[in-house]
Structures are given as C-alpha cells and as structure tokens.
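Below is one structure; the comments refer to it alone.
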C-alpha cells in the first residue's frame, strides 16, 4: 500500500544519508504538506496510523507556510530540518515530503508559500511527487505526451504506441498553430468536448454553454492556457447514492476508477528501481448528469466494484 512505499522511501533516505555527514541522530519523518484548515483528513490520518503501527515511521503535517517560516537553516547535506514537539524543542529531518497540497494556484497566495515549496525542492528530502511527476499531471503535458511523436519515445515498438494511443480520449492543443478547425468542431458540438485549463487533477473544467462562451470570447493567446479533450461518455447504470445514512439520489450513475501506483527509483541509476507497481484503487460514483467528480467537494461518492 501507500504506507509501504513511503516507508521504503524513508529507508532509502536513511541509506543515502549514512553515506555522508548529516545531522546526527535526528529522527527521519514523513512530512505531509496540507492546506490550512484541512478538512479532507480521514484518509490522511489512516495513512499516518499505518505508517506508525506497521513501519514505525512517524508522519507530521505542515502547510507550505509552516515550511517557509519554521524550517531551520539547512546544513551542508541540505537536509530539511523542522522543529517538533509541543514546544518545538526537538528537531526532525524530512526524509519524505508527501504533497497533499500545492496543486492549485490557491495554495500559493503569497511569496511565503513559494518559499516553503522552494525549501522542499532544494532539500535532500525525497519528494512525492517530485517536480517532474507534478508537472506531468498538468493537462498541457498530458496532451503533449499523447502525441505520436512523443509517445514513441516511451515505447519499444510502433505497435505498442498504437495500442496505448487507442485507449486515449482525443486531446487537442489550443493556441498553437492553426487551431480553428478543432475550435469550430467544439463550438458545433460542445457536448462532445471538455475545455481543460493548464492545471493538475480534476475540477476547473468548462462544459457545454461555458465551453462555448469561453471559446467565443478568449483570445488566441488565452486559449493557449487550455486544451480540448474529447468528452468520455460512459454508459450509465442504475444506482443509489447515500450521504449521511440516507439516499440522496436514485437514478442513472456513472463510475470513475482511479488506480494507485507507486514508483521509487534512483535518477542517478536508471536500472535501480526499488518499487514499481499497482497498490490499490479508488472507485467513485456520481449521477450521470454531474460533470465534476470530487468526493470531498461533494460531487461524487465512494463506491466499490461489483465482481462478477
């Protein structure tokens, strides 16, 4: 599970640290970066308890603002040292920094939060995700990676590229070259497309009338901050959605399956892969006419597969 991957990363941090001068016997911990006033904490706490009980690894929670204002001056090893304890009298070192915040511009309201992010990125701590994987989650990068000439760099044969590409929804660049044809297609059939901003994760997408209004009013340069994606049209199934112990929706529903993967590898030795695999899933259900899909945001509901 995810706890196992984080614990293995802590072990790797300790192994690397033993190879040079460091901060002595300072406890290595996992630092979970959270939003101020975090409300989406149930699964976060579960992970914290699993790390402690099964792997004897402690997890602490800090905001980007905390990391900027409370982290201690780094040593020659570029460790990220943090005060700990009720009175801050003890010190821990961030072995792994696990971002559960930092994915939206709202998480960086001032230069202080950017400073917190910079201190993490400049440190020895193992980042989850590192900046490369973080950027790979942005929509423009996903659109670029889906292009045949780019996809070929990550496959061994043209047939493998074609097989992968056959599973993709259409992804189209905007604000590059002549985008008039794809814009016209989206305007004539707005229900068949989604306008997605250059952001990580879900949300903030434009559908139907909002999509039409945006494409009609944005300049060519402004369109460059978005991509168009072919809208996935999954088949609906009858279902009941329950919140607070009562049925709040009874009708056609659709599901979205998310697969949890863990990869821990050495950038300096591409053949050294410590962990790489699938370690779980999340299934969310929502009404068929709901566009967004976040559970914490109130759009979707946690579900489970019916195995037949």
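The values are calculated or read from the model by the stated rules, or taken from the named source; none is laboratory data. Because the structure is a prediction, the values reported are computed rather than measured. When we count neighbours, we look across all protein chains shown, and the Cβ atoms used for this are built from the backbone with ideal geometry, even at glycine.
Screening residue 146 against (1) at pLDDT 90 or above; (2) in contact with a strand residue (DSSP E or B) (Cβ under 8 Å, 6 or more places away or on another chain); (3) farther than 30 Å from residue 96 by Cβ leaves a single unmet condition, (1). The residue that is nearest to the chain's Cα centre (by Cα), among those in the stretch 59-72 that are part of a loop (DSSP other than H, G, I, E, B) and surrounded by 18 or more Cβ atoms within 10 Å (Cβ to Cβ), is 63.
Whether any residue in the stretch 281-303 is out of contact with any helix residue (DSSP H, G or I) (no Cβ under 6 Å at 6 or more places or on another chain), closer than 20 Å to residue 6 by Cα and surrounded by 10 or more Cβ atoms within 10 Å (Cβ to Cβ) is what I want to check. Reasoning before the result, please.
Initial filter on the stretch 281-303 (out of contact with any helix residue (DSSP H, G or I) (no Cβ under 6 Å at 6 or more places or on another chain)): 281-303.
Then drop every residue that is not closer than 20 Å to residue 6 by Cα, which leaves 281-282.
Adding the requirement that they be surrounded by 10 or more Cβ atoms within 10 Å (Cβ to Cβ) leaves 281-282.
Yes.
Taken together, the residues in the stretch 24-58 that are more than 18 Å from residue 113 (Cβ to Cβ), crowded, with 20+ Cβ neighbours inside 10 Å and either within 19 Å of the chain's Cα centre (by Cα) or not assigned by TED's automatic domain parsing to the domain that holds residue 110 (or both) amount to 1. Yes or no: the stretch 165-176 includes at least one residue that is surrounded by 13 or more Cβ atoms within 10 Å (Cβ to Cβ), in contact (Cβ under 8 Å) with a residue 24 or more places away in the chain and in a helix (DSSP H, G or I). Scanning the stretch 165-176, I find no residue that is surrounded by 13 or more Cβ atoms within 10 Å (Cβ to Cβ), in contact (Cβ under 8 Å) with a residue 24 or more places away in the chain and in a helix (DSSP H, G or I), so the answer is no. Residues that are more than 15 Å from residue 121 (Cα to Cα) and part of a loop (DSSP other than H, G, I, E, B) were ranked within the stretch 76-99; the one that is modelled with the lowest pLDDT is 76. When the stretch 116-147 is examined, which residues are found to be more than 17 Å from the chain's Cα centre (by Cα), surrounded by fewer than 18 Cβ atoms within 10 Å (Cβ to Cβ) and in the same structural domain as residue 30 (by TED's automatic domain parsing)? Answer for the stretch 116-147, where residues must be more than 17 Å from the chain's Cα centre (by Cα), surrounded by fewer than 18 Cβ atoms within 10 Å (Cβ to Cβ) and in the same structural domain as residue 30 (by TED's automatic domain parsing): 118, 122.
Going by what's in this entry, would residue 241 be described as outside the structural domain of residue 282 (by TED's automatic domain parsing) and within 20 Å of residue 290 (Cα to Cα)? The answer is no for residue 241. Kindly check whether there is at least one residue in the stretch 215-231 that is over 18 Å from residue 176 (Cα atoms), free of Cβ contacts under 8 Å to residues at least 40 places away in the same chain and surrounded by fewer than 13 Cβ atoms within 10 Å (Cβ to Cβ). No, the stretch 215-231 has no match at all.
Summed over the stretch 251-299, the residues that are over 28 Å from residue 130 (Cβ atoms) and either assigned to a strand (DSSP E or B) or in the same structural domain as residue 154 (by TED's automatic domain parsing) (or both) give a count of 8. Test residue 248 against the criterion of being over 30 Å from residue 2 (Cα atoms) and assigned to a strand (DSSP E or B), and give yes or no. Considered against the rule, which asks whether it is over 30 Å from residue 2 (Cα atoms) and assigned to a strand (DSSP E or B), residue 248 comes out as yes. For beta carbons closer than 8 Å, sequence separation of 6+ or different chains, a first residue in the stretch 74-89 that is without any contact (Cβ under 8 Å) to a residue 12 or more places away in the chain and a second that is part of a loop (DSSP other than H, G, I, E, B) and surrounded by fewer than 10 Cβ atoms within 10 Å (Cβ to Cβ), there are no qualifying pairs.
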